[in-house]
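The values are calculated or read from the model by the stated rules, or taken from the named source; none is laboratory data. Since we're looking at a predicted model, the values are computed, not measured. Cβ atoms come from the backbone with ideal geometry, glycine included; neighbour counts cover every protein chain shown.
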Amino acid sequence: MKRSSDRILVSHAGRLSPENPEFRALEQRKSRGEDIPDEVYIPQLEAAIREMIQRQVDMGVDVISDGEAGRFNTFAKYGKRIEGLIYRECKPGEVGAVVFDSRERRTFPGFYKAADAERFKDGAPTNNQMRMVAVDALKVKNIDIIAGELERFRRILTELDLNDRDAFFPMMSPGWLDHFIYDEHYGNEEEFLYALAEVLRPEYEAVVNAGFILQLDGPDLPDKWATLVPEITLEEYRKKAKLRVDVTNHALRNIPEEMVRYHLCWGSWNGPHIDDIPFAHVVDLMLEIKAQAYSFEAGNVRHEHEWKIWKDVKLPEGKILIPGVVSHRTNTIEHPEVVSDRLQNFARYVGRENVIAGTDCGMGGGRMSHEIGWAKIQAMVDGSALASRELWQPVAA
């Protein structure tokens, strides 16, 4: 994994939005399980990936992804990859994902009722109508799907003469997938998490074997705190979080650390986030994960101040931080000077060579308009250049 040797390198959290509005609409239909013929979908998918890769390079992004086009964390994806799952209607009192029953939702019911109505206004099934359920032992169903995704990414990079670039491929961590699959077979949280790890492990290894950096998305490490009703003690929570760290490391056991980056956030939904657990309570657990780089939210107003924890937390030798310096939580585009200041705050405590500029979360996936998402990435590139000039300026004799 390349480091910021003579300037601050630039990356992001993975998901992007292509320019083509027809493909964005097609992708949304596909994510809901609509059966779109490959001869219609695949050519547009490949064109979208090619466009997003080229746009990252043209803007000055150093560590790139395929924009996660065509990949969604739904039954439309996992039902084809994992045996033992069904998709059924929610029973009275059930929700479709853990994040849809939280202390915050109970504190702000009016806000979330309006937000859900806007999100599902086109008549799609809401997250409170359907849920993904494990009803049998989980097994790998089809490893060829990810092989095809990786082959497509590599082929397009080769066509664009970009194989010398660090390129990463995001995947869900076992603990985060646990937020979207309910266990009705194992009856034991630890056993279920390890089962998830084992069905995900071959895909993780396939990513690295294809020559890509594996990014594990792990919002569950801090985010599960807000979904526990009623609230438990911090000590009890850390035990649960430690289990998820151990499960993640179990899934990574055959992969070199330098091929892994870990993305932590407090959930990508745009809400109050008053129950977010402080980063200081889980940062030590994050650093136990067998990865070389750690990506996390540092641009949103609930966590922007937490760069200060690195005054006391020692970054282990050889590790890299990828703080989010632009946020998906606001349509206001960060000024490059703000981006520069944020990066310099981290560089001051962990070293300039150990910092890569990143985003709080994906800049696509319906979180904001595609125009604003790309403008924020440009602001990040420009701010990183400002920070680099400050951090690598010649020292006066």
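For the structure I just gave you, tell me whether residue 23 is in contact with a Ser or Thr (Cβ under 7 Å, 6 or more places away or on another chain) and not charged (D, E, K, R). Taking the combined requirement at face value, the residue does not satisfy it.
Any chance segment 156-176 includes a residue that's surrounded by 15 or more Cβ atoms within 10 Å (Cβ to Cβ), among the basic types (Lys, Arg), touching a residue at least 40 places away in the same chain (Cβ under 8 Å) and within 29 Å of residue 46 (Cα to Cα)? Within segment 156-176, one or more residues are surrounded by 15 or more Cβ atoms within 10 Å (Cβ to Cβ), among the basic types (Lys, Arg), touching a residue at least 40 places away in the same chain (Cβ under 8 Å) and within 29 Å of residue 46 (Cα to Cα).
Please indicate, with yes or no, whether at least one residue in segment 372-387 is hydrophobic (A, V, I, L, M, F, W, C) and part of a loop (DSSP other than H, G, I, E, B). Looking through segment 372-387, none of the residues is hydrophobic (A, V, I, L, M, F, W, C) and part of a loop (DSSP other than H, G, I, E, B). Take the residues in segment 293-327 that are out of contact with any Phe, Trp or Tyr (no Cβ under 8 Å at 6 or more places or on another chain) and among the β-branched types (Val, Ile, Thr); name whichever of them is farthest from residue 382 (Cα to Cα). Per the criteria, the residue is 313. Selection of segment 345-371 for residues being within 19 Å of residue 331 (Cβ to Cβ), among the acidic types (Asp, Glu) and in a helix (DSSP H, G or I) yields only 371. Taken as a whole, segment 269-285 holds no residue that is under 20 Å from residue 8 (Cβ atoms) and polar (S, T, N, Q). Is it the case, given these coordinates, that residue 221 is over 22 Å from residue 53 (Cα atoms), surrounded by 17 or more Cβ atoms within 10 Å (Cβ to Cβ) and touching an Asp or Glu at 6+ places or on another chain (Cβ under 7 Å)? So residue 221 does not fit the description; no. So which pairs qualify, if the first residue must be in segment 256-275 and more than 30 Å from residue 318 (Cβ to Cβ), the second must be surrounded by 18 or more Cβ atoms within 10 Å (Cβ to Cβ) and charged (D, E, K, R), the Cβ gap must be under 8 Å, and the two must be at least 6 apart or on different chains? Going by the 8 Å Cβ cut-off, the qualifying pairs are 270/329; 270/367; 271/104; 272/104; 273/104; 274/104; 275/104. The residues on offer are 232, 181, and the sole one that is free of Cβ contacts under 8 Å to residues at least 24 places away in the same chain, touching a Phe, Trp or Tyr at 6+ places or on another chain (Cβ under 9 Å) and more than 29 Å from residue 157 (Cα to Cα) is 232.
Taking segment 306-329, which residues are under 15 Å from the mean Cα position of the chain (by Cα) and either over 20 Å from residue 8 (Cα atoms) or surrounded by fewer than 16 Cβ atoms within 10 Å (Cβ to Cβ) (or both)? 328, 329, listed by residue number.
Just one of the listed residues (238, 244, 261) is surrounded by 16 or more Cβ atoms within 10 Å (Cβ to Cβ), in contact with a strand residue (DSSP E or B) (Cβ under 6 Å, 6 or more places away or on another chain), of a type in the set (Lys, Arg) and not in a loop (DSSP other than H, G, I, E, B), namely 261. Residue by residue through segment 1-37, note down the ones that are in a loop (DSSP other than H, G, I, E, B), in contact with a Phe, Trp or Tyr (Cβ under 8 Å, 6 or more places away or on another chain) and of a type in the set (Lys, Arg). Across segment 1-37, the qualifying residue is only 7. Of all residues in segment 347-397, those being closer than 20 Å to residue 320 by Cβ and among the small types (Gly, Ala, Ser) number 10.
The residue that is nearest to residue 201 (Cα to Cα), among those in segment 145-167 that are part of a helix (DSSP H, G or I) and more than 23 Å from the chain's Cα centre (by Cα), is 155. The residues of segment 172-212 that are closer than 17 Å to residue 256 by Cα, outside any helix (DSSP H, G or I) and out of contact with any helix residue (DSSP H, G or I) (no Cβ under 6 Å at 6 or more places or on another chain), listed by number, are 211, 212. Of the set (1) in contact with a Pro (Cβ under 8 Å, 6 or more places away or on another chain); (2) modelled with pLDDT of 95 or more; (3) not hydroxyl-bearing (Ser, Thr, Tyr), all apply to residue 62 but (1). None of 31, 102 is polar (S, T, N, Q), modelled with pLDDT under 90 and either touching a Leu at 6+ places or on another chain (Cβ under 8 Å) or within 18 Å of residue 366 (Cα to Cα) (or both) except 31. Specify the residue that is farthest from residue 322 (Cα to Cα); the eligible residues are those in segment 284-305 that are of a type in the set (A, V, I, L, M, F, W, C) and crowded, with 20+ Cβ neighbours inside 10 Å. If we take residues in segment 284-305 being of a type in the set (A, V, I, L, M, F, W, C) and crowded, with 20+ Cβ neighbours inside 10 Å, then 289 is farthest from residue 322 (Cα to Cα). Filtered by the rule that a residue be part of a loop (DSSP other than H, G, I, E, B) and in contact with a His (Cβ under 8 Å, 6 or more places away or on another chain), segment 264-286 gives 266, 267, 268, 270, 276.
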